[in-house]
There are 2 protein chains.
Amino acid sequence: MRPPSARDLQDLLDRGRDRQLRLAVTGLSRAGKTAFLTSLVNQLRHAGLEARLDLLPAAREGRLLGARRVDQGDLSVPRFPYDPAMAALTETPPRWPEPTRGISELRLLIRYRPARRGLLGGETRQLTLDLFDYPGEWLLDLPLLGHDYASWSRAQWQGLGPARREHFAAWLAAVAELDPAAPAEEAQLAALAERYAEGLRSAREAGFADLQPGRFLLPGDLEGAPVLQFFPLPGLDDGATKPAPGSNLATLARRFRHYQQRIVKPFYREHFRRFDRQIVLVDLLGALAAGPERFDDLARALGTLMQSFDYGKRSLMNRLFAPRIDRLAIAATKADHVTPEQHPRLVALLEALLAEPLKELRFADVPVKGLSLAAIRATEPQEVTQRGTTSPALRGTLLNGEEALLFPGEVPVRLPERDFWTRQGFDFPAFRPPVIDGGALPHLRLDAALDWLLGDKLQ
Amino acid sequence: MRPPSARDLQDLLDRGRDRQLRLAVTGLSRAGKTAFLTSLVNQLRHAGLEARLDLLPAAREGRLLGARRVDQGDLSVPRFPYDPAMAALTETPPRWPEPTRGISELRLLIRYRPARRGLLGGETRQLTLDLFDYPGEWLLDLPLLGHDYASWSRAQWQGLGPARREHFAAWLAAVAELDPAAPAEEAQLAALAERYAEGLRSAREAGFADLQPGRFLLPGDLEGAPVLQFFPLPGLDDGATKPAPGSNLATLARRFRHYQQRIVKPFYREHFRRFDRQIVLVDLLGALAAGPERFDDLARALGTLMQSFDYGKRSLMNRLFAPRIDRLAIAATKADHVTPEQHPRLVALLEALLAEPLKELRFADVPVKGLSLAAIRATEPQEVTQRGTTSPALRGTLLNGEEALLFPGEVPVRLPERDFWTRQGFDFPAFRPPVIDGGALPHLRLDAALDWLLGDKLQ
């Protein structure tokens with residue numbers, strides 16, 4: 001550990017005075033993290049000018065004066081690529097920004113006037129907002145800490161539905177040939193692990209979210225390291241017999257433990273534990289459009305992910321780390337893909353999906369809120385009258401440049417039953433980002449999310 | 001820090017019994033690290049069978065029984081890709097293996113019979129050989145630890161020759177616009193740093209070696225992190241005035257310090273300090289063929305690189321770390337590009353080039369040896385008689401598949417003077433790897449290197 005620098009001490013001081021907030025943004029792949037963070041920074045920078053943030057009292061009351069980017073805290077963490085994202089959004093035609101990889105960070109200095117004026121009146125205050133962006137897949141690794149290698153293997157095999165199984169066909173055929181008791185062959189294990197990683201990547205491509213180990217999807221500098229060369233073994237019982245040293249089984253188990261200790265734990269210790277607030281983005285509509293197995297997979301992934309926020313006394317999280325997140329938001333993104341009157345239904349469905357984890361969280365007294373939003377609104381709602389009936393519709397530009405008028409259909413408010421999937425005609429195309437003319441990015445209820453996540457700090 | 005595992009303790013025990021050796025291989029880009037390591041592993045695996053290792057006594061005396069790969073020590077370090085390298089070399093036509101990036105590791109278990117038989121006779125022993133491969137560019141960062149930002153900036157500007165300057169033209173024009181005292185603009189600094197990194201990459205493409213900061217060339221997971229977003233500033237004096245907080249100058253200096261503390265030092269502390277032996281590979285012939293500025297650049301880079309092995313009492317290395325490398329080899333690679341009678345001249349030139357650093361090293365009592373070798377021999381020597389005169393020549397297959405007969409010319413034994421460059425006709429084409437028919441890879445004096453680096457451990 002390095003000794004604290006003058007800046008670290010300043011950070012500490014700011015925190016003491018409640019002038020610093022560390023806000024983390026995550027979501028499973030394609031949930032819209034990059035769009036969310038880009039829009040969030042964009043709105044705060046345009047606050048007091050063009051930004052529409054009526055649901056954020058400090059903005060509505062004209063007390064939010066603006067924000068500027070300053071040098072971030074940890075120089076070794078990549079900076080969130082706000083400028084490249086804005087460049088993509090302002091191209092002709094506009095493009096969605098490139099998704100971020102791994103963790104990134106951005107620091108904003110927010111200027112505001114407090115709600116109650118001090119003795120001198122008219123003074124301004126500053127809030128240092130640290131934004132963190134990290135892959136939700138990393139949170140899916142938490143439960144892995146509660147397992148040993150054998151029980152983790154069994155859990156992976158149980159989660160293998162038919163559509164998901166297809167992605168692992170090559171690996172399944174190959175792993176059947178492996179003798180757990182035979183002396184480990186590094187090259188063979190490496191090849192099998194690569195096939196397993198291919199399965200995970202292909203499943204993610206197909207939209208599956210409940211994928212472990214999370215680092216296999218984004219190895220970064222660990223590419224080719226033995227710690228990423230393990231996989232679940234079929235048919236392991238409770239480990240009644242200790243595996244022979246140097247066997248395949250012993251080698252896989254050793255790598256699994258290394259992954260727990262040197263990959264999963266450090267993320268929680270060095271990053272996660274330091275977040276004050278968190279928003280989790282969920283592409284609920286995408287899963288709904290993709291069918292029952294994908295939807296169930298998302299439900300399972302979210303259940304797993306929520307464990308990282310369960311600070312109940314007996315929770316894994318609380319036993320291993322001392323977390324401090326004091327406010328949590330779960331947001332269904334891409335709300336601009338349904339017509340406005342569906343938005344409450346979208347939140348209801350999100351809450352139904354998360355019923356169990358939300359119960360745990362509330363029991364553990366972690367304040368949590370479900371939201372629906374579109375960080376960058378790509379459609380316009382429209383009423384269409386046909387034969388005397390008025391129906392809500394959406395107008396937007398598809399990725400191929402075609403103008404489209406859509407009737408996306410109805411969002412179920414409860415977990416969909418079997419007949420929903422047979423009769424559903426949920427239309428969920430990908431839209432091109434809107435053309436921006438100078439001002440702030442258009443959004444849907446991003447201000448409500450901001451109010452929940454940092455409104456109290458701007459009082 | 002994690003607690004020591006059973007394996008760590010076994011490692012410690014093996015070291016105590018002198019049964020473990022940590023051998024590091026490095027070299028500047030294109031020096032042939034991957035070929036060297038691949039061939040080294042290949043020779044040891046074929047030892048006792050087809051490998052020709054007559055300069056290694058244990059092999060000559062039939063005591064070297066072979067080697068097999070075992071699970072490496074640190075699972076978080078990528079494994080050296082021996083199998084992919086051999087696959088490339090055994091393709092039709094053979095290809096040179098892909099260069100490695102960053103650090104990688106491979107562990108071999110060597111079986112041998114000791115030279116003196118014990119009481120029971122015929123017993124075999126094992127030596128655990130840990131091989132490490134890392135970019136020589138990282139060693140070029142050591143002197144950076146002896147600088148503050150201002151003196152480092154000046155040193156970078158001094159090293160800017162005309163051919164090298166060309167690669168930095170875009171950056172030079174842009175950095176002239178930067179006001180050191182102005183408040184830092186993150187985006188501007190990021191763009192300038194990217195241009196500087198482009199300059200470094202383009203200079204390396206052109207064969208320059210003396211390039212700092214080394215991590216700019218291989219950022220890995222640090223891509224986009226502010227710690228890689230600095231560069232030398234022109235016209236800095238000795239820092240008589242302290243830069244204003246938040247200014248460009250203060251920001252650049254802060255990042256420079258972070259780079260020193262969080263990038264350079266950890267490499268030395270966590271990896272370098274643990275190496276027992278080291279071989280540094282140098283493409284001396286390539287620099288000789290490329291002309292005087294490239295040759296001078298290589299000389300400067302090697303001088304810098306050697307500082308990491310200078311364990312004299314007053315050396316930077318000794319003051320900062322407690323190194324333990326007890327034997328060092330410097331090898332001019334690709335010796336198969338000159339005819340056999342030139343090899344002693346090649347070693348002489350290498351020693352002339354390194355005269356100053358070698359003097360320091362010998363003074364500090366670090367055993368060091370200069371060698372010439374070809375890890376994978378791609379040519380056959382041949383005598384050609386024309387009009388009664390016999391000249392040495394080389395026969396090999398060029399990269400494009402053409403058979404070539406070459407008269408490479410003479411290697412100077414002293415540092416070349418100006419007239420060498422004007423009259424030299426040094427021919428240095430790239431050859432295709434040889435076609436391997438089963439056995440060990442053909443080489444030139446790799447066994448001599450092995451003898452120096454690990455022969456004493458096989459007695």
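Quick notes
- Complete set of residues in the stretch A:122-181 that are part of a strand (DSSP E or B) and open to solvent by less than 40 Å² (accessible area, probe 1.4 Å): A:L127, A:T128, A:L129, A:D130, A:L131, A:F132, A:D133
- Contact annotation: residue pairs with Cβ atoms under 9 Å, 6 or more positions apart or on different chains, pairing a residue in the stretch A:375-400 that is more than 27 Å from A:L53 (Cβ to Cβ) and open to solvent by 30 Å² or more (accessible area, probe 1.4 Å) with a partner that is among the acidic types (D, E) and in a strand (DSSP E or B), are A:T390/A:E383; A:S391/A:E383.
- Yes/no for B:D74 being open to solvent by 30 Å² or more (accessible area, probe 1.4 Å), within 14 Å of chain A (Cβ to nearest Cβ), farther than 27 Å from B:L371 by Cβ and not in a helix (DSSP H, G or I): yes
- Residues that are open to solvent by 10 Å² or more (accessible area, probe 1.4 Å) and within 12 Å of chain A (Cβ to nearest Cβ) within the stretch B:254-306 comprise B:R254, B:R257, B:H258, B:Q260, B:Q261, B:R262, B:I263, B:K265, B:P266, B:R269, listed in sequence order.
- Options B:L371, B:L350: the member that is hydrophobic (A, V, I, L, M, F, W, C) and in a helix (DSSP H, G or I): B:L350
- Within the stretch B:239-270, the set of residues being in a helix (DSSP H, G or I) and of a type in the set (D, E, K, R) comprises B:R254, B:R255, B:R257, B:R262, B:K265, B:R269, B:E270.
- Matching residues in the stretch A:110-121 - criterion: being open to solvent by less than 30 Å² (accessible area, probe 1.4 Å) and at pLDDT 90 or above: A:I110, A:Y112
- A count restricted to the stretch B:88-109 and to residues that are at pLDDT 90 or above, assigned to a loop (DSSP other than H, G, I, E, B) and at the interface with chain A (Cβ under 10 Å from one of its Cβ atoms) stands at 1.
- Of all the listed residues (A:L236, A:L218, A:L211), the sole one being part of a loop (DSSP other than H, G, I, E, B) and surrounded by fewer than 19 Cβ atoms within 10 Å (Cβ to Cβ) is A:L218.
- Among the candidates B:A225, B:A206, B:A187, B:A197, residue that is crowded, with 21+ Cβ neighbours inside 10 Å and either within 14 Å of chain A (Cβ to nearest Cβ) or within 25 Å of the chain's Cα centre (by Cα) (or both): B:A225
- Top-ranked residue in the stretch B:143-184 [being basic (K, R) and in contact (Cβ under 8 Å) with a residue 60 or more places away in the chain; ranked as farthest from the other protein chains (Cβ to nearest Cβ)]: B:R164
Condition check ((1) within 30 Å of A:L453 (Cβ to Cβ); (2) touching a Phe, Trp or Tyr at 6+ places or on another chain (Cβ under 7 Å)) across all residues:
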position	(1), (2)
A:A115	yes, no
A:A150	no, no
A:W157	no, no
A:R164	no, yes
A:E186	no, no
A:F208	yes, no
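- Residue in the stretch B:292-300 that is modelled with pLDDT under 95, over 19 Å from the mean Cα position of the chain (by Cα) and of a type outside the set (F, W, Y) present: yes
- Matching option when the condition is part of a helix (DSSP H, G or I), within 14 Å of chain B (Cβ to nearest Cβ) and either touching a residue at least 24 places away in the same chain (Cβ under 8 Å) or out of contact with any Leu (no Cβ under 8 Å at 6 or more places or on another chain) (or both), among A:A85, A:A67, A:A35: A:A85
- Meets criteria (closer than 25 Å to B:G146 by Cβ and without any contact (Cβ under 8 Å) to a residue 24 or more places away in the chain) for B:F256: no
- Residue, farthest from B:F132 (Cα to Cα), within the stretch B:38-64, restricted to residues that are in a helix (DSSP H, G or I), more than 14 Å from chain A (Cβ to nearest Cβ) and open to solvent by 10 Å² or more (accessible area, probe 1.4 Å): B:R60
- Within the stretch A:414-444, the set of residues being of a type in the set (F, W, Y) and outside any loop (DSSP other than H, G, I, E, B) comprises A:F420, A:W421, A:F431.
- Just one of the listed residues (A:K334, A:K313, A:K359) is modelled with pLDDT of 90 or more and open to solvent by 10 Å² or more (accessible area, probe 1.4 Å), namely A:K334.
- Residue in the stretch B:341-353 that is within 18 Å of the chain's Cα centre (by Cα) and surrounded by fewer than 20 Cβ atoms within 10 Å (Cβ to Cβ) present: yes
- Among (1) in contact with a Phe, Trp or Tyr (Cβ under 8 Å, 6 or more places away or on another chain); (2) within 27 Å of A:A209 (Cα to Cα) - the single one A:T124 does not satisfy: (2)
The values are calculated or read from the model by the stated rules, or taken from the named source; none is laboratory data. Please read all numbers here as calculations on a predicted model, not as lab measurements. Using ideal geometry, Cβ is built from the backbone for each residue, glycine included, and neighbour counts are taken over all protein chains shown. Surface areas here come from the heavy atoms of the whole protein model, side chains and all, with no ligands, DNA or RNA. Shrake-Rupley method; radii C 1.70, N 1.55, O 1.52, S 1.80 Å.
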